[in-house]
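Inspection log for the structure reproduced underneath, given as structure tokens.
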Amino acid sequence: MKTLYYTAASLDGFIADEDGALDWLFQFGEPEEGYFEHFLSTVGAIAMGAATYEWILEHHIDPGADRPQPWPYAQPTWVFTSRKLPKASGADVRFVRGDVGPVHREMLKKAGAKNIWIVGGGDLAGQFHDKGLLDGVIISVAAVVLGGGAPLLPRNITQPPLRLVSAKTFRNGFVDLHYEVPKTHEA
């Protein structure tokens, strides 16, 4: 069981443009049929920040959404927020705030033998890293340059550096980079 930050990013390291939009990403489609579904089958619990949750609501769940659909995850999801947010219909969503450490322990219990997926954003993944709870980073790099926006992982992680585990290229131009996060201290 691992805690993984898996996200898409531009070549220059942004996960959303300056307006919070992802149009640049959707032009590529899915990396490869079944690839994401396989990853999701290894996940037992999900962590996401409020901005990611609100984006899913606005673009996929709410009436008038761009691509209306039901809540996309069967796994229990912890949304880190300091605000009151609406709960998505049919979703196992838990709103939490504060230190990621105690929430991570709860997530581990619910995940069983499966992984914890940090969907986004980058600062939330950084909070897990700061507590020594982040085991890996998987970045689907898209062949675009945004010039600004929401950073991939707004942390200085240099000592020890991340360790490249694998790199996989896809026909649509994505490159998946999988890094292991060396432990510098115990959680």
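The values are calculated or read from the model by the stated rules, or taken from the named source; none is laboratory data. What you are looking at is a predicted structure, and each value in this text was computed from that prediction instead of being measured. Don't worry about glycine lacking a Cβ; one is built from the backbone with ideal geometry, like all the others, and counts go over all protein chains shown.
Right, Ala150: within 25 Å of Trp71 (Cα to Cα) and under 16 Å from the mean Cα position of the chain (by Cα) or not? Give the derivation first.
On the way: within 25 Å of Trp71 (Cα to Cα): yes; under 16 Å from the mean Cα position of the chain (by Cα): yes.
Against the criterion (within 25 Å of Trp71 (Cα to Cα) and under 16 Å from the mean Cα position of the chain (by Cα)), Ala150 qualifies.
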Picked from the range 1-19 (must be of a type in the set (Gly, Ala, Ser) and over 14 Å from Met48 (Cβ atoms)), the residue surrounded by the fewest Cβ atoms within 10 Å (Cβ to Cβ) is Gly13
Within the range 158-178, restricting to residues that are modelled with pLDDT of 90 or more and basic (Lys, Arg), the one that is nearest to Tyr35 (Cα to Cα) is Lys168
How many of the residues making up the range 50-71 are modelled with pLDDT of 85 or more and outside any helix (DSSP H, G or I)? 3
Within the range 148-179, work out how many residues are surrounded by fewer than 15 Cβ atoms within 10 Å (Cβ to Cβ), among the aliphatic types (A, V, I, L, M) and either in contact (Cβ under 8 Å) with a residue 24 or more places away in the chain or in a loop (DSSP other than H, G, I, E, B) (or both). 1
Is it the case that some residue within the range 26-36 is without any contact (Cβ under 8 Å) to a residue 40 or more places away in the chain and buried (at least 16 other Cβ atoms within 10 Å of the Cβ)? no
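Right, Ile118: within 22 Å of Leu40 (Cα to Cα), touching a residue at least 60 places away in the same chain (Cβ under 8 Å) and surrounded by fewer than 20 Cβ atoms within 10 Å (Cβ to Cβ) or not? Spell out the reasoning first.
Working: within 22 Å of Leu40 (Cα to Cα): yes; touching a residue at least 60 places away in the same chain (Cβ under 8 Å): yes; surrounded by fewer than 20 Cβ atoms within 10 Å (Cβ to Cβ): no.
Considered against the rule, which asks whether it is within 22 Å of Leu40 (Cα to Cα), touching a residue at least 60 places away in the same chain (Cβ under 8 Å) and surrounded by fewer than 20 Cβ atoms within 10 Å (Cβ to Cβ), Ile118 comes out as no.
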Kindly list, by first and then second residue, each pair from a residue in the range 53-81 that is surrounded by fewer than 17 Cβ atoms within 10 Å (Cβ to Cβ) to a residue that is among the polar types (S, T, N, Q), limited to pairs with Cβ atoms under 9 Å and residues at least 6 apart or on different chains. His60/Gln69; Pro70/Ser89
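Mind listing just one residue for me: the one in the range 84-97 that is loosely packed, with under 13 Cβ neighbours inside 10 Å and modelled with pLDDT of 95 or more and, of those, farthest from Leu124 (Cα to Cα)?
Residues of the range 84-97 that are loosely packed, with under 13 Cβ neighbours inside 10 Å, as a first pass: 84, 86, 89-90, 97.
Narrowing the set further to residues that are modelled with pLDDT of 95 or more leaves 84, 97.
Values: Lys84: 18, Arg97: 11 Å.
Looking at the filtered set, the residue picked out is Lys84.
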Are any residues in the range 156-187 within 15 Å of Lys131 (Cα to Cα) and hydrophobic (A, V, I, L, M, F, W, C), and if so, which ones? Ile157, Val181, Ala187
Out of all the residues in the range 124-137, is one or more under 21 Å from Asp19 (Cα atoms) and touching a residue at least 12 places away in the same chain (Cβ under 8 Å)? yes
Kindly provide the set of residues from the range 73-130 that are over 24 Å from Glu58 (Cβ atoms) and in a loop (DSSP other than H, G, I, E, B), ordered by number. Gly98, Asp99, Gly112, Ala113, Lys114
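Of all the residues that make up the range 24-49, how many are in a helix (DSSP H, G or I) and within 16 Å of Ser140 (Cβ to Cβ)?
Within the range 24-49, the first condition is being in a helix (DSSP H, G or I), and the residues that meet it are 24-26, 35-41.
Within this subset, residues satisfying the condition of being within 16 Å of Ser140 (Cβ to Cβ) are 24-26, 35-40.
Number satisfying all stated conditions: 9.
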